[in-house]
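**Student:** Encoded as structure tokens, here's the structure I'll be asking about.
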Amino acid sequence: TTLLSILCGISGMFGWGLYDFLGGVFAKQIGPYKSFFWSQLAGLASMLVLVFVTAPSVSVPSDAILLFPVAALLYSAGYLFFFKGFEIGNMSIVAATMNLWAVFTMLFAFTFMGQRLSTIQTIGVLMIFAGVTLASLNWNEIRERRFQLSSGVKEAITGAFFFGIYWNVSEIIVEAVGWLVSTAFIKLGIVIFMLLFSMLSKREMGLAGIASKTILVIFIMGVIEAGAVAIVNYGLGIGDAILITPIASALSIVTIALAILFLKDRITKPQGFGIAVAVAGIVITGI
């Protein structure tokens, strides 16, 4: 059980980390809206196939039905702000700032759901705050006695706020209907929301003029993200959450490593130290 828990956590970490990296790349190439919509559509298709193959029993309470559109809206808003941050900012810095979602999740759980932090988890939260602060500041501007956040940080903080609420709402839904049905319905809600968003904002979501290889990779990344959700939730059902959650939530390690390796992202030493502290803080909060 321990080995399976670790493997599920690692799979989630790499799956989500790769999704965020590819999402950041395509946000710069075709915009955050198209990359998010089409990848989520691919994820929905893969989840529907999984539902068809496993044929789970479906019994959805009325409370959960009301929460599905809320969860879809929160998830969509969170990732759209993340991808917007990737589009205009340094991917490594934005990925580190995204770690604040864990802090917001704990804050809402503490305030509205009566959950409490242990001493070591409190230390982890403080490390995330400190690390994100170090990573998000433009140190060149500070040396010139001008205070300025790095590009994309404001968007990442906003996205983390929405994600923090989402995970609490998602927890309620999953406990009521199970991980597979809840994930499929939430992804359906995300696709519907993005279609409505496209019509109301008159944003073009078509893929005309985009290279076929780019389209293929966008669909693959959507399947990868859905697979990460499936594997982690499967692991939570049969394994140890205390092992799976902190490993999977350290996904920014993968995103940052890929950005530095393939995109040659440049970060200052204080920002690099801040990224390391924030990621360590996320791991500690799962203890």
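**Student:** If a residue has to be open to solvent by 20 Å² or more (accessible area, probe 1.4 Å), of a type in the set (A, V, I, L, M, F, W, C) and either outside any helix (DSSP H, G or I) or more than 14 Å from Val25 (Cα to Cα) (or both) to count, how many in the range 81-105 make the cut?
**Tutor:** Residues in the range 81-105 being open to solvent by 20 Å² or more (accessible area, probe 1.4 Å), of a type in the set (A, V, I, L, M, F, W, C) and either outside any helix (DSSP H, G or I) or more than 14 Å from Val25 (Cα to Cα) (or both): 3 in total.
**Student:** Turning to a different aspect of this structure: When you go through Phe26, Phe21 one by one, which is the residue that is at pLDDT 90 or above, open to solvent by 10 Å² or more (accessible area, probe 1.4 Å) and under 12 Å from the mean Cα position of the chain (by Cα)?
**Tutor:** Just one listed residue meets the conditions, Phe21.
**Student:** Say we look at the range 192-213 and pick out the residues that are surrounded by fewer than 16 Cβ atoms within 10 Å (Cβ to Cβ) and part of a helix (DSSP H, G or I); which of these is modelled with the lowest pLDDT?
**Tutor:** Per the criteria, the residue is Ser201.
**Student:** Every residue in the range 61-80 that is open to solvent by 50 Å² or more (accessible area, probe 1.4 Å) and under 25 Å from Thr285 (Cβ atoms), please.
**Tutor:** Correct list: Val70 only.
**Student:** Taking only pairs six or more apart or across chains, which ones have beta-carbon atoms under 7 Å, a first residue in the range 264-287 that is within 26 Å of Ala109 (Cβ to Cβ), and a second residue that is open to solvent by 40 Å² or more (accessible area, probe 1.4 Å) and hydroxyl-bearing (Ser, Thr, Tyr)?
**Tutor:** Gly274/Thr133; Gly286/Thr245
**Student:** Further, regarding this structure: From the residues in the range 106-131 that are within 16 Å of Thr285 (Cβ to Cβ) and hydroxyl-bearing (Ser, Thr, Tyr), which one is most open to solvent (accessible area, probe 1.4 Å)?
**Tutor:** Thr119
The values are calculated or read from the model by the stated rules, or taken from the named source; none is laboratory data. None of the values given here were measured: they were computed from a predicted structure. For neighbour counting, all protein chains shown are included, and Cβ atoms are generated from backbone atoms with ideal geometry for every residue, glycine included. The accessibility values were calculated without ligands, DNA or RNA, using every heavy atom of the protein model including side chains. Shrake-Rupley method; radii C 1.70, N 1.55, O 1.52, S 1.80 Å.
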